[in-house]
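None of the figures in this text is laboratory data; all of them are computed from the coordinates on show. Nothing here was measured: the structure is a model prediction, and the numbers come from that model. Neighbour counts run over all protein chains shown; Cβ positions are idealised from the backbone, glycine included.
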Amino acid sequence: MNGTRTWQLFLGRCIFCGRCEEVCPTRAIVLSQEFEMAVANKADLFQRATFRLLACHECHRPFAPEKGVAYTVALLQQAGMSSEDAQIRRT
Ligand code: SF4
């Protein structure tokens with residue numbers, strides 16, 4: 001593991017069913033009528049994003065995307081976690 005994880009979506013396989021929008025827990029996915037699927041190169045239908053991983057405090061191996069941990073900590077703060085505890089868990 002190198003401390004990053006790359007996420008990839010191939011839009012050529014999307015059938016516009018809307019399931020991803022339906023199940024997205026953060027409402028980050030929103031389908032619309034505005035899109036363009038005509039490309040000269042099929043490789044242009046790949047969407048990629050690379051996320052930095054946080055390392056475990058115990059074994060020091062990368063274990064989860066930093067963004068995912070930050071989102072989880074924010075949810076725990078909303079549920080009553082103190083700011084001090086949140087800061088420890090973010091690093
Ligand atoms: S779940 Fe989302 S990405 Fe997958 S086929 Fe349906 S609309 Fe496309």
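Observations on the model:
- Helix-only mean residue ellipticity at 222 nm for the chain, each DSSP H run of n ≥ 4 adding -39500 (n - 2.57), per residue, nearest 500: -8000 deg cm²/dmol
- Between the residues GLN8, VAL73, VAL30, the greatest Cα displacement towards the positive end of the dipole of segment 4-90, with unit charges on the Cβ of Lys, Arg, Asp and Glu, is found for GLN8.
- Angle in degrees between helix 66-78 and the longest Cα principal axis of the chain, rounded to the nearest 10: 60 degrees
- Where only C-alpha atoms are counted, convex hull volume of segment 4-90 per residue in Å³: 128 Å³
- Here the contact order of the chain, divided by its residue count and restricted to Cα pairs under 8 Å and six or more residues apart, works out to 31 percent.
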